[in-house]
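Here's the structure, in structure tokens; my notes come after.
Just so it is clear, none of the values below were taken in a lab; they were calculated from the coordinates. Please read these numbers as outputs of a predicted model, since none were measured by experiment. Here the Cβ positions follow ideal geometry from the backbone for every residue, glycine too, while neighbour counts run over all protein chains shown.
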Amino acid sequence: MKEPRVPHLHVVHHLLQYLKYAPGQGLFFPAQSSLKLIAFADADWASCVDTRRSTSGFCVFLGNNLLSWHSKKQSIVSKLSTEAEYCALSFVTSEVVWLKMLLLHFEIDVSSVILFCDNKFVVSLASNPTHHEWSKHIDIDHHFIREFVQSNVIKLVHVKSQHQVTDVFTKALSRQVFGKFITKLGMINIYSPT
């Protein structure tokens, strides 16, 4: 908005074409769904060519219903993909803790939240009680996440990259993969034939 240029206009045109193509696109919330929180978190490491900042994204489901989602360029440059992933996990952990407290106000007690991450090393590091010396640069996020993993508020589980629905928020995807993932997010087009 500060200094718009022609490439920005092309992006706006692309977005408007998408909206024109799918006027009936929206989220579907089925009446029958479980009351279990499931979250996905991912980061696209150093994806911005200009600043080399990573993009974090997450989505949280209540049963099959998409409840919360977020995508944001990180405020600092991450030297390692682990650091970028930990930043994304920190964002979603804060969101999950807040949602659990909100649901408790509605007298819905959610036990453990399953959090999917596609980085095996990050899953291992968060579950490992031994503090690694080389992880000092992500020390706060490390302790924040590990505390919730150890208290069973969050159960961190590895998911294969091809099943990481958060890629919709962090990466440029092919039309086919994008379509598959938005369907998994619960998005439907009310005008498309069934």
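Quick notes on this one:
- Scanning the chain for chymotrypsin sites (Phe, Trp or Tyr not before Pro) lying in DSSP loops with no more than 10 further Cβ atoms inside 10 Å, the longest uninterrupted stretch between such sites is 1-105.
- In the chain, the DSSP-assigned H stretches of four residues or longer account for a calculated mean residue ellipticity at 222 nm of -12000 deg cm²/dmol, using -39500 (n - 2.57) per stretch and the full residue count as denominator.
- Candidates SER161, SER75, SER112, ranked by Gaussian network fluctuation over the chain, Cα under 10 Å, top entry: SER75
- Debye, to nearest 20: dipole size of region 6-189, +1 on Lys, Arg Cβ, -1 on Asp, Glu Cβ: 520
- Region 160-175 and region 68-120: distance between their alpha carbon centers, rounded to Å: 17
- Where both bridge residues fall in the chain, DSSP classifies roughly 70% of the beta bridges as antiparallel.
- Across region 91-107, rounded Karplus estimates of 3J(HN,Hα) from the backbone phi angles (6.51 cos²θ - 1.76 cosθ + 1.60, θ = phi - 60°) give 4, 6, 5, 4, 5, 5, 4, 5, 5, 4, 5, 5, 5, 5, 4, 8, 6 Hz, Gly and Pro being marked x.
- Amide H partners (placed H, <5 Å) of ALA39, local residues excluded: PHE61, ILE114, LEU115, PHE116
- Fewest-first ranking of SER127, SER68, SER111, SER54, using other Cβ atoms within 10 Å as the exposure measure: SER111, SER127, SER68, SER54
- Positive-end residue, region 6-189 charge dipole about Cα centroid, Cβ charges, pick of TRP98, ALA172, TYR86: ALA172
- Among GLU147, GLU83, a tally of other beta-carbon atoms within 10 Å of each Cβ gives an order, fewest to most, of GLU147, GLU83.
- Sequence-distant lysines (8 or more away, or on other chains) whose Cα lies within less than 17 Å of LYS36: LYS100, LYS155, LYS184
- In region 6-189, the ratio of gyration radius to Kirkwood radius, Rg to Rh, stands at 0.99 when only Cα atoms are counted.
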